[in-house]
Structure formats: structure tokens, C-alpha cells
Amino acid sequence: MRNIMFNVFSDGEKRKAYVMDYSENNKGNRWYSEEEARKIFKDKEILINKYTGIFGKENVKFNFSGGLKAFLAGESISCEMINEVLEGKI
């Protein structure tokens, strides 16, 4: 997975990563910074380490609501992006 990510993002452009997963500990549908995610979702430490290791902790947001609910949690993801996911384009 790491090799795939490095190949995709090897053009030197600064990227942001939005990681969606599910956790029983999730109490709300929102995006968390790396620091917040580590405090609240101790069961996701490996996943958090994986993505912050690739993108850097300042460039990653986490949502543990699962599935499409994560797309509805913030303004940073557009309706167009939701449609692309639903249509299998990304």
C-alpha cells in the first residue's frame, strides 16, 4: 500500500488525506486531526500510524463513522467527490 501511495503522489505536490474507517468508539460524525484521533480512538493506532507516516500528521484527517456518513461530516469534501465515489470513478 505504501508503494502505491508513493507512486501516486510522487509528483511533489502537497496532498491531504481523508481516512474513513469504522470504530465502535465513535460518538459523532466528524473529522478528527491526528492528535484528536490518537486520544479518542486507541483501537485505531496502527491505521493512524500508517497514514500519518505517509502523509505527515498535519495533512491527515480521520473519520470513524464508516462509509458514506464520513463524506457528510465536513465541507472539505465536495458533492462532486461523493458522486465520483458512488459512480466508482475514484
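The values are calculated or read from the model by the stated rules, or taken from the named source; none is laboratory data. Predicted, not measured: the structure shown is a model, and the values here were computed from it. Don't worry about glycine lacking a Cβ; one is built from the backbone with ideal geometry, like all the others, and counts go over all protein chains shown. Accessible surface areas use protein heavy atoms only, side chains included; no ligands, DNA or RNA. Shrake-Rupley method; radii C 1.70, N 1.55, O 1.52, S 1.80 Å.
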> Roughly how much of ILE48 is accessible, in Å² to the nearest 10, using a 1.4 Å probe?
Replying inline: 0 Å²
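Within the set of other residues whose C-beta is less than 9 Å from the C-beta of SER23, count the net charge using Lys and Arg as +1 and Asp and Glu as -1. Before the final figure, lay out the partial values.
Numbers: positive: LYS44; negative: ASP21, GLU24, ASP43.
Neighbour charge sum, excluding SER23 itself: -2.
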> Can you give the accessible area of TYR18 in Å² (nearest 10), computed on protein heavy atoms with a 1.4 Å probe?
Replying inline: 90 Å²
> Residue by residue through the range 34-40, which ³J(HN,Hα) values in whole Hz follow from phi under the Karplus form 6.51 cos²θ - 1.76 cosθ + 1.60 (θ = phi - 60°), with glycine and proline marked x?
Replying inline: 4, 5, 4, 4, 5, 5, 8
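Would you mind counting up the charge near GLY56? Only other residues with Cβ under 11 Å from its Cβ, with Lys and Arg at +1 and Asp and Glu at -1.
Details: positive: LYS14, ARG15, LYS16, LYS57; negative: GLU34, GLU58.
Charge balance in the 11 Å sphere: +2.
Please give me, ordered by residue number, the trypsin sites (Lys or Arg not before Pro) of the range 9-60 that lie in loop per DSSP and have at most 11 other Cβ atoms within 10 Å. Please report the intermediate quantities before stating the final value.
Numbers: sites: LYS14, ARG15, LYS16, LYS27, ARG30, ARG38, LYS39, LYS42, LYS44, LYS50, LYS57; in loops: LYS14, ARG15, LYS16, LYS27, ARG30.
Answer by residue number: LYS14, LYS16, LYS27.
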>> Using a 7 Å offset from the Cα along the Cα-to-Cβ direction at both ASN49 and LYS16, what is the distance between the two label points in nm, to one decimal?
In response: 2.7 nm
>> How far apart, in nanometres, would the label points at GLU24 and ASN59 be if each is projected 7 angstrom from Cα along the Cα-to-Cβ direction?
In response: 3.4 nm
